[in-house]
1. All but one of (1) more than 28 Å from LYS237 (Cα to Cα); (2) open to solvent by less than 60 Å² (accessible area, probe 1.4 Å); (3) of a type in the set (Lys, Arg); (4) within 40 Å of the chain's Cα centre (by Cα) hold for LYS799; which doesn't?
2. Considering only the stretch 490-515, state which residues are part of a helix (DSSP H, G or I) and either open to solvent by less than 10 Å² (accessible area, probe 1.4 Å) or not acidic (Asp, Glu) (or both).
3. Looking only at residues in the stretch 470-485 that are out of contact with any strand residue (DSSP E or B) (no Cβ under 7 Å at 6 or more places or on another chain) and either open to solvent by less than 60 Å² (accessible area, probe 1.4 Å) or part of a loop (DSSP other than H, G, I, E, B) (or both), which one is farthest from LEU601 (Cα to Cα)?
4. Hey, does the stretch 612-622 have a residue that's part of a loop (DSSP other than H, G, I, E, B) and either at pLDDT 75 or above or within 18 Å of the chain's Cα centre (by Cα) (or both)?
5. Just to be sure, is LYS831 in contact with a Pro (Cβ under 9 Å, 6 or more places away or on another chain), open to solvent by 20 Å² or more (accessible area, probe 1.4 Å) and modelled with pLDDT under 90?
6. Given the stretch 379-469, what strands (runs of 3 or more DSSP E) lie entirely inside it while holding 1 or more residues that are touching an Asp or Glu at 6+ places or on another chain (Cβ under 7 Å), modelled with pLDDT of 75 or more and over 15 Å from GLY307 (Cα atoms)?
7. Just give me the residues in the stretch 688-698 being outside any helix (DSSP H, G or I) and open to solvent by less than 70 Å² (accessible area, probe 1.4 Å), in sequence order.
8. Kindly list, by first and then second residue, each pair from a residue in the stretch 392-409 that is open to solvent by 10 Å² or more (accessible area, probe 1.4 Å) to a residue that is hydroxyl-bearing (Ser, Thr, Tyr), limited to pairs with Cβ atoms under 7 Å and residues at least 6 apart or on different chains.
Amino acid sequence: MAAAAAAPIPPRSASPNPLLLRPPVLVVRRLRLRLLPPRRARLVVAAAAAAATTAAAASVAPDDIAQLNHRLRALVRRRDASSSAALSVDPAQAEAYLRMIREQQRMGLRQLRGDGDGAASQEGESDGDGDERGGGRRKGVVAAGSSLGHRVDPRELEAGEYVVHKKVGVGKFVCISAEDGLDYVFIQYADAMAKLAVDQAARMLYRYNLPHEKQRPRNLSKLNDPSTWEKRRLKGKLAVQKMVVNLMELYLQRMRQKRPPYPKPVGMDQFTAEFPYEPTPDQNQAFIDVDKDLTERETPMDRLICGDVGFGKTEVAMRAIFIVISAGFQAMVLAPTVILAKQHYDVMSERFSNYPDIKVAMFSGAQTKEEKDELITKIRNGDLHIIVGTHAVLTERMAYNNLGLLVVDEEQKFGVQQKEKIASYKASIDVLTLSATPIPRTLYLALTGFRDASLMSTPPPERVAVRTYVSGFSKERALSAIKFELARGGQVFYVVPRIKAIDDVLQFLKDSLPDVPMAVAHGKKVSKNIQLAMEKFACGEVKILVCTHIIESGIDIPNANTMVVQYAELFGLAQLYQLRGRVGRSGTEGFAYLFYTDKSLLSKIATDRLGAIEEHSDLGQGFHVAEKDMSIRGFGSLFGEQQSGDVANVGIDLFFDMLFDSLSKVDQFCLIPVPYKDVQLDINISSRLSSEYISYLENPVELLNEAAKAAEKDLWTLIQFTEDLRRQYGKEPRDMELLLKKLYVRRMAADLGISRIYSSGKMIIMKTNMNKKVFRLMREAMSLETHRNSLSFTGKEIKGELLVNLPDTLLLNWLFHCLADCYAVIPALVKY
């Protein structure tokens, strides 16, 4: 018995029968089973055989089906199977959504940026393959002045900068030189120097920027090897199309969520008349946008209000709150800091003071447990209507009576977990996001039209632009700025990026200005101490507030009109811009002095940031500052690791050019699957299994029915069925493998919109509903050159040309591999 158990398992043939794999130990065990009922004996033997088969399979390479399953797991996700039903819409409804998305995208690029022509026309655009004809700037891409997805003027390049030529690839700019009276651009590639006319270069060149602030490419392209660059470009193109589809699915899911429109409040006119200021044109448009979102649309609102500090975003939010509360719902206002939450609480308490039935409360981590418990009870009972707070309101203990609206101020300052919680609300309630400089993903969704946005760039009449000075630090300059402000009766913010620098700065200021009252505010001080310092500063008791960037949100001191920022190179561009917005808010001209330590030590990133904040000194530049910030810091928080790799293939600018190009033609990359039952596979493959394998299965008829049902449902279910089958019975014999491959071929064909497959001599013909653009993208996505070169598209047929006539079994095998290769394009296509 021991000898038998120790016997080695014989090697498995290429397509074995599980019954032939039993090691000698099974023979001994079978003798012991003769007294058992035949069915029970067969099951035990089968289980042992499966174990032996699994052990044998570990020593050989995976078979075709196993390899395909492994590949498809990267493409087919559980969410696809679960969301397919949710996204199944009739073609007419889908077409309406697609038209809406295209209009949103045009507005996103034209209206938000204020361009006259930036995206005014997306129609009739080329297919994104670099059409050089016609000269000038191509329609349908972002305007040349944009920091997103634009070609570069070669005259703006500096020697040594990396560039991308759309047709050739990555090179290094050398110079512009005149020959025979014409200017030429010289670009160094890995194997040669390229020479282009300046006007041609202007149509085809992009800067090569990368995510995560990296600037160097992995290597330069070769002029004499265009195929390598073409592969990289096609990878980028496919990645772009996948991003477009992800956005489409996100948008379609949101469009399919429904809630009845809110009734227009009876007291709305009165509430509007109580606003003490004359609204700006942009503010009026934002009022209209939000009013339509709430009272005319059946889809929950998800709108971004982008405007500088003091431009009236809060009034837009309060009008939305009034509409929602008048309909019997509650509103939550979420702020990143206690200071900003307190400011919102004070403003809203005052604004709603004429409406005693509307109760406003503040909820934050600074409150005691007893205070929080009392507020939670009132919120749950519906006794409070407007709840203003920090991320503390996102606690699991919080339960609302009837929450209808979430207002989020400065979303970029929340952590990842808080952002995920905020995102979860969007599935069921209306959401309004307020920001001066939106985070990259929010800005990106607004630019591409997949998120509603209103831009408030017109300053209130009394606002004056803040004068901005950028220079190296000197004590004399800092003191001169402070003394000037104090002499005209004002107050000063003195900002440093790190808490540990505060003591030295405070000592320097006390030594230089001993009679000037000062206070300190930073994140490690107790909230009540911060609030006390702010109150003293607000009432004028304190003249200089030494602080960290904690004051970038929620500080509104009309008399504070000068800001001194030390170590400015350590701040982000968006931080510098919010900070600057805290001065000059009363109609008095404000001053911002941004001091860096040593110019020779500044990185290119820091230099670009400081230059950008100095350049964008006019009022209402927050949206453009956010856009510039995306460009400067390389979209690090926009792209994940995989997407960053995709972008690295072509660089950010070309990637975004391709992205906007694909967005403008999103409806041209739709794939309509056909029902599985309608797919005809005219290949004569017998579905009969051997009697030995049938006797080996526990319930063969039921199992074959399950296989057919799995294939009919979706590819993921078929993969699961196959893997479960192998776990239970081991690797199937050849006849069962052919049956499974037949199911796989029909399932993949159905998903690819192929309704019939048949052979004619050396030709395989597949009737399909896909268009030529989809076919081209599919062929470009294929990894095997043999398949890619054999396929052509004529009319509504895909034709595969073979070198020889193949028997049906080999023909099935060819189809299996070919369609599996085609299937790589599935995530890049819009499906409805």
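The values are calculated or read from the model by the stated rules, or taken from the named source; none is laboratory data. Everything numeric in this text was worked out from a predicted model, so none of it was measured. Note: ideal-geometry Cβ built from the backbone for every residue, glycine included; neighbour counts use all protein chains shown. Note: areas computed on protein heavy atoms with side chains; ligands, DNA, RNA excluded. Shrake-Rupley method; radii C 1.70, N 1.55, O 1.52, S 1.80 Å.
1. (1)
2. Taking the stretch 490-515 first, the residues part of a helix (DSSP H, G or I) are 499-512.
Of everything in the stretch 490-515, those that are part of a helix (DSSP H, G or I) and either open to solvent by less than 10 Å² (accessible area, probe 1.4 Å) or not acidic (Asp, Glu) (or both) turn out to be ILE499, LYS500, ALA501, ILE502, VAL505, LEU506, GLN507, PHE508, LEU509, LYS510, SER512.
3. Once the filter is applied, the top-ranked residue is LEU479.
4. No - not one qualifying residue is present in the stretch 612-622.
5. Against the criterion (in contact with a Pro (Cβ under 9 Å, 6 or more places away or on another chain), open to solvent by 20 Å² or more (accessible area, probe 1.4 Å) and modelled with pLDDT under 90), LYS831 qualifies.
6. 403-409, 430-435
7. At the first step, the residues of the stretch 688-698 found to be outside any helix (DSSP H, G or I) are 688-690, 697-698.
LEU689, SER690, LEU697, listed by residue number.
8. If the second residue must be hydroxyl-bearing (Ser, Thr, Tyr), the pairs left are ALA392/SER364.
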